[in-house]
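Contents: one structure, followed by commentary.
The values are calculated or read from the model by the stated rules, or taken from the named source; none is laboratory data. What you see is a predicted model; the values in this text were computed from it and never measured. For neighbour counting, all protein chains shown are included, and Cβ atoms are generated from backbone atoms with ideal geometry for every residue, glycine included. The accessibility values were calculated without ligands, DNA or RNA, using every heavy atom of the protein model including side chains. Shrake-Rupley method; radii C 1.70, N 1.55, O 1.52, S 1.80 Å.
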Amino acid sequence: MIPNGNGKKTIVIPCSGIGKVQGLIAREAAYAAAAAGGGELLCLALLVSGDEEAVSRIRDAECITIDGCPKLCAVKNVEATGGTVAKSIQVIDVLKNHRGAELGTATKLADAGWAVAHEIAQDINHCESEVK
Amino acid sequence: MKRAVMPCNGLDKAYGVLARELALRLMETEGMHLICPVLLNNSPVRYDKDLADASLLVVDGCPTRCASKLAQKLGIAVAGKMLVSEQAKTAGVDVGESLRPGPVGMQLVDAMQAELAAQAQAGVDGQPAVDFDPPTRFLTVTYDKFVFKIPAEGYLFNENDCWVRVVGNRARVGVSDFAQQSMTDITYFEPTRIGAVVEQFDEVGSLESGKSMMDVLSPVSGRVTAVNTELVDSPELINEDPYGRGWIAEMELRDFESDKALLLDAASYSRTIEGKAAQAQH
């Protein structure tokens, strides 16, 4: 896990991301960000189900949440569990700059969907390097 | 009946990713309603329509069983469960650690989907099929400070401390009061696979406590039609009510008349316990 400028570690937590293309984008953005060193992944359901180790991990870290839809499951649950959300990303906000793009489906991203996922990942990694 | 599937989040472990793959496959090819476990937790009303009168399958990736825990927490009835790590173990395959499913992982998804289809075709829905009244009269064996209870009628036992209760061509199996007291607090229950065809004395689940482990050896042969999924999250029910809520599996009998020859009635099992208790003391 990567310590940031505060000496804390960064954890990237996407929403569960199942059933909607925006959720899949959130998930893929998290994978891409983590692969590029933007933080470590944490499974949101693990947190929601009350796993003590997961809860402890976010309390000692700064979290970057990525939500696909306006339900905001990731940011709400991280905050409800006592985590600090250093950055909250909403895919639907990012998509305002990609109106009309063919994103793909809930099971498979099209090229434009991948592009949005990578854009979000870059944003996360930029944020992460600024904090360091 | 409508069918719905809820996988675990499946983000950062290969087994979880396969749980998600299976759920998506079932949605796309079989029209099952897809339930997001986190959204369900945040906003249960969102899935009222999908879950009303639906048969819910829960697919967990790893033994942490997040999806099962959330279903239990919300009091949602679960018709069937599948645990990918257990399926991989049974199939003898190593899916690796990649979060992008490879050919081995996708073959496992194929196999799990085929198994679910076979269960559906065989009419095995994983639901208990028979009402079993709890026993009302017991024989007791007292040894030192311990008192072991044995239902006086309606139950048969094998020498491995497992019981069977038969109604028609169905049977329910579990472990005896002697077994649960010998193990002390049971902390882990691993169910067998629904649809499994077992011989008499084959394993139909396993238990662990801080003190010991126990394979639950079936007193009868047949096909497993249901398992007590409540025990996965509450294995202590076996300690609290071994002949009732702590039941292990339900089975469709194959050859009960032959199986009976190797089983003990309450009086014979009482004598067996007396012998075991005395042996344990020395």
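Assigning unit charges at the beta carbon (Lys, Arg +1; Asp, Glu -1) and nothing else, what dipole magnitude in debye, to the nearest 20, does chain A show about its Cα centre? Present the calculation step by step, with values, prior to reporting the outcome.
Numbers: 13 positive and 16 negative charges, 44 e Å.
Approximately 200 debye in magnitude.
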**Study point:** Cα shape, the range B:138-280, gyration tensor, a/c 1.5 rule
**Key:** oblate
**Study point:** Calculated on alpha-carbon atoms, Rg and Dmax of the range A:9-126 in Å
**Key:** 13.3, 42
**Study point:** Whichever aspartates and glutamates have a C-alpha closer than 15 Å to that of B:LYS149, once near sequence neighbours (fewer than 8 apart) are set aside
**Key:** B:ASP161, B:ASP177, B:GLU240, B:ASP241, B:ASP265, B:GLU274
**Study point:** Given charges at beta-carbon only (K, R positive; D, E negative), |dipole| of chain B in Debye
**Key:** 520 debye
Exercise for review: Show which lysines lie in cross-link reach of B:LYS2 when reach means a straight Cα distance below 29 angstrom and same-chain residues fewer than eight apart are skipped.
Suggested key: A:LYS20, A:LYS71, A:LYS108, B:LYS49, B:LYS69, B:LYS73, B:LYS81
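Counting only DSSP beta bridges with both residues in the protein assembly as shown, tell me the antiparallel percent, nearest 5. It would help to have the intermediate numbers written out before the result.
Working: 37 of 64 bridges.
Approximately 60 percent, going by the DSSP bridge assignments.
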Exercise for review: Take chain A, connect every pair of alpha-carbon atoms lying under 10 Å apart with a spring to form a Gaussian network, then pick out the residue of A:GLY83, A:GLY37, A:GLY50 with the largest mean-square fluctuation.
Suggested key: A:GLY50
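As a test of the definition: with a 1.4 Å probe, what buried accessible area, both sides summed, do you compute for A against B, in Å² to the nearest 100?
Working: alone 6790 and 13800 Å², together 18360 Å².
For A against B, buried area totals roughly 2200 Å².
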Point to revise | Among beta bridges that DSSP assigns inside the range A:9-126, antiparallel share in %, nearest 5 | key: 5 percent
Review point. Which whole-percent values make up P(r) of the range A:1-72 when all C-alpha to C-alpha distances are grouped in 5 Å steps starting at zero?
Key: 4, 18, 26, 24, 19, 8, 1, 0
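If each DSSP helix of 4+ residues adds -39,500 (n - 2.57) and the sum is divided by the residues in chain B, what number results at 222 nm, nearest 500 deg cm²/dmol?
On the way: 11 runs with 98 residues, N = 282.
Roughly -10000 deg cm²/dmol at 222 nm, from the helical runs in chain B.
Given the convex hull of the Cα atoms of chain B, what is a quarter of its surface area in nm²? Intermediate values should be presented prior to the final figure.
Values: hull surface 63.9 nm².
Average projection, Cα convex hull of chain B: 16.0 nm².
Using a 1.4 Å probe, what is the accessible area per residue for the range B:138-280, in Å²? Present the calculation step by step, with values, prior to reporting the outcome.
On the way: 6040 Å² over 143 residues.
Normalised by residue count, the accessible surface of the range B:138-280 is 42 Å².
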Review point. Where in the range B:41-61 does accessible area fall by at least 40 Å² between the isolated chain and the complete protein assembly, at a 1.4 Å probe radius?
Key: B:ASN42
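Using the Cα centre of the range A:70-132 as the reference point, and only Cβ charges (+1 on K/R, -1 on D/E), how large is the resulting charge dipole? Debye, rounded to the nearest 20. Mind showing how you got there, number by number?
Details: 7 positive and 8 negative charges, 45 e Å.
Charge dipole of the range A:70-132: 220 debye, to the nearest 20.
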Practice item. Taking a cut-off of 22 Å between Cα atoms, list the lysines near A:LYS9, but don't count ones fewer than 8 places away on the same chain. Key: A:LYS76, A:LYS87, A:LYS132, B:LYS13
Check your understanding: Just A:CYS73, A:CYS15, A:CYS43 to compare: in a GNM of chain A, with alpha carbon springs under 10 Å, which one fluctuates most?
Key -> A:CYS43
Review point. How high is the relative contact order of chain B, given as a whole-number percent (alpha carbon pairs under 8 Å, six or more residues apart)?
Key: 15 percent
Review point. Taking the alpha-carbon centroid of each part, what is the distance from the range A:107-127 to the range B:60-78 in angstrom?
Key: 31 Å
Revision key, fill the gap. With the charge dipole of the range A:9-126 built from beta-carbon charges (+1 for Lys and Arg, -1 for Asp and Glu) about the Cα centre, the Cα from A:ILE124, A:ILE11, A:ILE89 projecting farthest to the positive end belongs to A:ILE89
Check your understanding: How about the range B:56-145: which GluC sites (Glu not before Pro) there are in a DSSP loop, with at most 14 other Cβ atoms within 10 Å of their Cβ?
Key -> B:GLU97
Revision key, fill the gap. Hull surface over four for the Cα convex hull of the range B:2-119, reported in nm², is 6.8 nm²
Review point. In the protein assembly as shown, carbon and sulfur make up what percent of the accessible area (probe 1.4 Å)?
Key: 48 percent
Exercise for review: Percent of Cα-Cα pairs per 10 Å bin, from 0 to the last occupied bin, for the protein assembly as shown, please list those.
Suggested key: 5, 20, 27, 21, 14, 9, 4, 1
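For chain A, what is the relative contact order in percent, using Cα pairs closer than 8 Å and at least 6 residues apart in sequence?
Working: 267 pairs, mean separation 42.5, N = 132.
This gives 32 percent for chain A.
Using only alpha carbon pairs under 8 Å that are at least six residues apart, calculate the relative contact order of the range B:197-282 and give it in whole percent.
Working: 102 pairs, mean separation 21.5, N = 86.
It comes to 25 percent, rounded to a whole number.
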Point to revise | With Cα atoms, 0 to 90° folded angle of helix A:21-35 axis to chain A main axis | key: 50 degrees
